[in-house]
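The values are calculated or read from the model by the stated rules, or taken from the named source; none is laboratory data. Everything numeric here is computed off the predicted structure, so don't read it as measured data. Here the Cβ positions follow ideal geometry from the backbone for every residue, glycine too, while neighbour counts run over all protein chains shown. In case anyone asks, the SASA skips ligands and DNA or RNA and just uses the protein heavy atoms, side chains included. Shrake-Rupley method; radii C 1.70, N 1.55, O 1.52, S 1.80 Å.
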Amino acid sequence: MKKHFKKVIAFLLSVSLLTGIINAEETSSDSETVTDTTTDSTDSTDTGDEPITPPEDEDPFIPPTVFKEGDTLLRVGIFYSSDIKESYRLTPSNKDTQLGFDFYSTTEDHEFTYLYTIEKTSDICYAKGGNLYKYTESSSKWDYRSTTSLSKAVVGGYHIMLPESYANARKLDEAIAKLSETVENDIIPSSINGELKILLGSYFTEKEAKTALEKISDTFEGATLISPSDKNEIVVLDHQSAKILFYFLDSFEKGLGCYPRKAEGQNNYIKIQSGYYWPGIFEAKRYTTSSNQDVIMLVMISEMEEYVESVVPWEISSSWPLESLKAFAICVRTYAYANLGRHSSLGFDLCCDSNCQTSLGHSRVTEGVREAVKATDGLMMMCEGKPATAYYSAVTGGSIAAAHEVWNQLPEKYLVGRFTPWEKYETHKYGIWEYTATPKELCTHMRSRGYTQLKDEIKDIKINRLCENSSYVYSITVTDIHGTEATIFRTRNVKNSMIDYLLSANFVISHNGVIEDGLPDNSTGIYVMTADGLKLLPPENKEQIHVITSTGIKTSALPNILSVSTSKGAVSLDVLKEAENFVKDAKRSESVKSTANGNFTFIGKGYGHGAGMSQIGVRDLANLGYKYPDILLSYFPNTEIIHFTEFTKPAN
């Protein structure tokens, strides 16, 4: 799969149709013609006086437009991992306006070839080819799975293929209509290696299918047998009756795409078994997992702005201030552009869960979300000619960490450590947390995380260093009772080493009644977290220090209470308290007393990796009256906001 760093353009021609397939008589009397609107008008010799007649084999039925010229498309993996299945139930989100399903042959390079339309309003189902049985979970929930039991099978995997191929869906429908007058078998429209064909019957055994073939061989000379295939064979079923509505067989470079038809001016999406619904084309493709399961991968092909809409309300609350929704929409869009092709080995760009960005469809999309996405249409953050990698997490606990101190990557000037005193992290359910482990439990857990050099109970954990300009822990050394040590670097590794006890790497440790905080020892003063790192107060030689506040960096010799003006009035911020209260509160905690028995208690703030942007912090800045450009610059300094059309992506 290409990495899609060039703007992807997919332009599907459309005409307005109310229902059905236009028959030949209607076509000949229709004065409206379909032309290629991508052709430069200066190259055309058409005067506009005469309609352009399509070639005889060109299908005059063109489905409604899915994407328009200039759209940036991306492929989002919906079912591709542990939840992957052999079949999926697809339901139109609005059955009242549902006019059927259009099917396309699709490729990873966003080439769409219209195949056929099924005029249905009830549920359909993508399933593997072959003999299938109905697996019932409840009276209203079932799917279809492969079976070798003839007594259980409800869908047969053997078919008879007639020799003729058809130029388009209209001609295929005409042949099916004529054939239905004389044939009693099930008649199945199909696309086989790019050719529109007709299949007859659905048989459970090869013998049964061969017997049927012999009976019709005189009538349909050249008819052949189609047997179940481990290739890219997919059937579209009526979910209720299990009748085959469409059959698809092609190379693994092709997928079968489905799009719900809709009335003009109406929205219509596809719901899947999980209950979520998405816009765009749903692509099915056979896939073999690492455990050798033969299943169907489901991918959503979406236009970028609709994708952004599908992410925003699943990552943050749609009820938050509009400026926070705008800021986050730009963040989502930027992350998507920067990571196109991230899962190219699986055939899609981004996944739909938190490994990329949570995208669970449009059920939570509100007018506020639509307004925010529309107001920032196409806007993204750039740094030095590249899309910014806009990391974010739920809540960061009053500071963020530089990305290169979280992961093993090169430093980025916009992904730096800084303190964020405006963040009301305590309002988040994971804003402040604590977990306790016995020395033996901690050893067992760390060994399960790969630190097998630790052989016995943990005796001590030392915080070696904090991240630059941050309260996140960069390095720790863990020592067992035999003196064996494990030293761990980078916040992600620190968090993952004790993941059952750490929600982030922003923590202190209480052990034997003492707090280990990673701050430098000093008996004559206190340290305050500033924009320039840790500074001793009172400062020596009347040094000016720079303290981050809700309106930026303030300079003072002895910062204390800072009053800042916002669009919502004056706000007081106790800088010293913000810098000290976390450790002070930890020292006052009952957990300190409880760890006098040798246990370890981790007292922390925030949830997630801690790099980039705090979602809660975005809300809090918006509540202080900040507009989205300033909100984004508070978390991603040294970036600029541009429209994606100003960005020329580098060649692959």
Discussion item. Tell me yes or no: at least one residue of segment 152-160 is among the β-branched types (Val, Ile, Thr) and in contact with a Ser or Thr (Cβ under 7 Å, 6 or more places away or on another chain).
Written reply: yes
Worksheet item: What do you reckon, is Ser359 of a type in the set (Ser, Thr, Tyr), buried (at least 18 other Cβ atoms within 10 Å of the Cβ) and part of a loop (DSSP other than H, G, I, E, B)?
Response: yes
Worksheet item: Any idea which of (1) over 17 Å from Lys495 (Cα atoms); (2) touching a strand residue (DSSP E or B) at 6+ places or on another chain (Cβ under 8 Å); (3) modelled with pLDDT of 95 or more is the one Ala375 doesn't satisfy?
Response: (2)
Item to complete: Return the pairs, sorted by first residue and then second, in which the second residue is of a type in the set (Gly, Ala, Ser) and at pLDDT 95 or above, the first residue lies in segment 485-510 and is part of a helix (DSSP H, G or I) and crowded, with 20+ Cβ neighbours inside 10 Å, the beta carbons are less than 7 Å apart, and the residues are 6+ apart or on different chains.
Response: Thr491/Ala401; Thr491/Ala505; Thr491/Gly610; Val494/Ala505; Lys495/Ser504; Lys495/Ala505
Worksheet item: Among the numbered criteria (1) open to solvent by 10 Å² or more (accessible area, probe 1.4 Å); (2) touching a residue at least 40 places away in the same chain (Cβ under 8 Å), which single criterion is violated by Cys351?
Response: (1)
Fill in: segment 160-188, residues that are open to solvent by 50 Å² or more (accessible area, probe 1.4 Å) and part of a loop (DSSP other than H, G, I, E, B)
Pro163, Glu164, Ser165, Ala167, Ser180, Glu181, Thr182, Glu184, Asn185, Asp186
Practice prompt. Please enumerate the residues belonging to segment 222-243 that are open to solvent by less than 20 Å² (accessible area, probe 1.4 Å) and either closer than 10 Å to Cys125 by Cβ or free of Cβ contacts under 8 Å to residues at least 60 places away in the same chain (or both).
Written response: Asn232, Val235, Val236, Leu237, His239, Ala242
Discussion item. For segment 247-258, check the following and say yes or no: at least one residue is of a type in the set (Lys, Arg), touching a strand residue (DSSP E or B) at 6+ places or on another chain (Cβ under 8 Å) and more than 25 Å from Ser190 (Cα to Cα).
Written reply: no
Worksheet item: How about segment 199-209: which of its residues are touching a Ser or Thr at 6+ places or on another chain (Cβ under 7 Å) and surrounded by 15 or more Cβ atoms within 10 Å (Cβ to Cβ)?
Response: Leu199
Worksheet, complete the sentence: Residue set Glu119, Glu111; condition open to solvent by 50 Å² or more (accessible area, probe 1.4 Å), acidic (Asp, Glu) and under 24 Å from Gln266 (Cβ atoms); output residue Glu119
Fill in: Where Asp456 falls short, out of the listed (1) in contact with an Asp or Glu (Cβ under 8 Å, 6 or more places away or on another chain); (2) crowded, with 17+ Cβ neighbours inside 10 Å
(2)
Discussion item. Would you confirm, using the coordinates I've provided, whether Thr436 is outside any strand (DSSP E or B), farther than 18 Å from Val406 by Cα, open to solvent by 20 Å² or more (accessible area, probe 1.4 Å) and of a type in the set (Ser, Thr, Tyr)?
Written reply: no
Practice prompt. Output the residue which, of all residues in segment 138-159 that are in a strand (DSSP E or B) and more than 19 Å from Lys85 (Cβ to Cβ), is most open to solvent (accessible area, probe 1.4 Å).
Written response: Tyr158
Worksheet item: How many residues does segment 292-348 hold that are touching a residue at least 60 places away in the same chain (Cβ under 8 Å), touching a helix residue (DSSP H, G or I) at 6+ places or on another chain (Cβ under 8 Å) and of a type outside the set (S, T, N, Q)?
Response: 21
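Would you be able to say whether some residue in segment 326-337 is within 30 Å of Glu423 (Cα to Cα), open to solvent by 10 Å² or more (accessible area, probe 1.4 Å) and of a type in the set (Ser, Thr, Tyr)? Full working, then the answer.
Filtering segment 326-337 down to residues within 30 Å of Glu423 (Cα to Cα) leaves 326-337.
Now narrow it down to the ones that are open to solvent by 10 Å² or more (accessible area, probe 1.4 Å): 326, 335.
From what is left, the residues that are of a type in the set (Ser, Thr, Tyr) are 335.
Looking through segment 326-337, at least one residue is within 30 Å of Glu423 (Cα to Cα), open to solvent by 10 Å² or more (accessible area, probe 1.4 Å) and of a type in the set (Ser, Thr, Tyr).
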Practice prompt. Would you please name the residue that is least open to solvent (accessible area, probe 1.4 Å), looking only at residues in segment 288-300 that are under 17 Å from Tyr144 (Cβ atoms) and not aliphatic (A, V, I, L, M)?
Written response: Asp294
Practice prompt. Give me a count of the residues in segment 620-638 that are in contact with a strand residue (DSSP E or B) (Cβ under 7 Å, 6 or more places away or on another chain), closer than 19 Å to Ser399 by Cα and either open to solvent by 20 Å² or more (accessible area, probe 1.4 Å) or not in a helix (DSSP H, G or I) (or both).
Written response: 3
Item to complete: Output the residues belonging to segment 383-408 that are open to solvent by 30 Å² or more (accessible area, probe 1.4 Å) and acidic (Asp, Glu).
Response: Glu384
Practice prompt. Test Tyr527 against the criterion of being over 14 Å from Gly604 (Cβ atoms), of a type in the set (Phe, Trp, Tyr) and either modelled with pLDDT under 95 or not in a loop (DSSP other than H, G, I, E, B) (or both), and give yes or no.
Written response: yes
Fill in: Filtered residues of segment 341-358 (kept if within 20 Å of Lys254 (Cα to Cα) and among the small types (Gly, Ala, Ser))
Gly341, Ser344, Ser345, Gly347
Worksheet entry | Filtered residues of segment 463-482 (kept if surrounded by fewer than 21 Cβ atoms within 10 Å (Cβ to Cβ) and touching a residue at least 24 places away in the same chain (Cβ under 8 Å)) | Ile463, Asn464, Arg465, Glu468, Ile481, His482
Worksheet, complete the sentence: From the option list Glu264, Glu315, Glu253, Glu306, single residue qualifying as open to solvent by 30 Å² or more (accessible area, probe 1.4 Å), acidic (Asp, Glu) and in contact with a Pro (Cβ under 8 Å, 6 or more places away or on another chain) is Glu306
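Each row is one residue, and each column tells you yes or no for (1) at pLDDT below 95; (2) on the phi > 0 side of the Ramachandran plot; (3) in a loop (DSSP other than H, G, I, E, B).
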site	(1), (2), (3)
Thr47	yes, no, yes
Glu50	yes, no, yes
Thr53	yes, no, yes
Asp57	yes, no, yes
Pro64	yes, no, yes
Asp83	yes, no, yes
Phe101	yes, no, no
His110	yes, yes, yes
Thr121	yes, no, yes
Worksheet item: Among the residues of segment 409-426, is any of a type in the set (Phe, Trp, Tyr) and open to solvent by 30 Å² or more (accessible area, probe 1.4 Å)?
Response: no
Response to the item:
Counted residues in segment 608-619 being assigned to a helix (DSSP H, G or I) and among the hydrophobic types (A, V, I, L, M, F, W, C) come to 2
Fill in: Of the criteria (1) touching a Lys or Arg at 6+ places or on another chain (Cβ under 9 Å); (2) modelled with pLDDT under 55; (3) surrounded by 15 or more Cβ atoms within 10 Å (Cβ to Cβ); (4) not β-branched (Val, Ile, Thr), which one Gly610 fails
(2)
Worksheet item: Out of segment 212-229, which residues are over 48 Å from the mean Cα position of the chain (by Cα), of a type in the set (A, V, I, L, M, F, W, C) and outside any loop (DSSP other than H, G, I, E, B)?
Response: Ile216
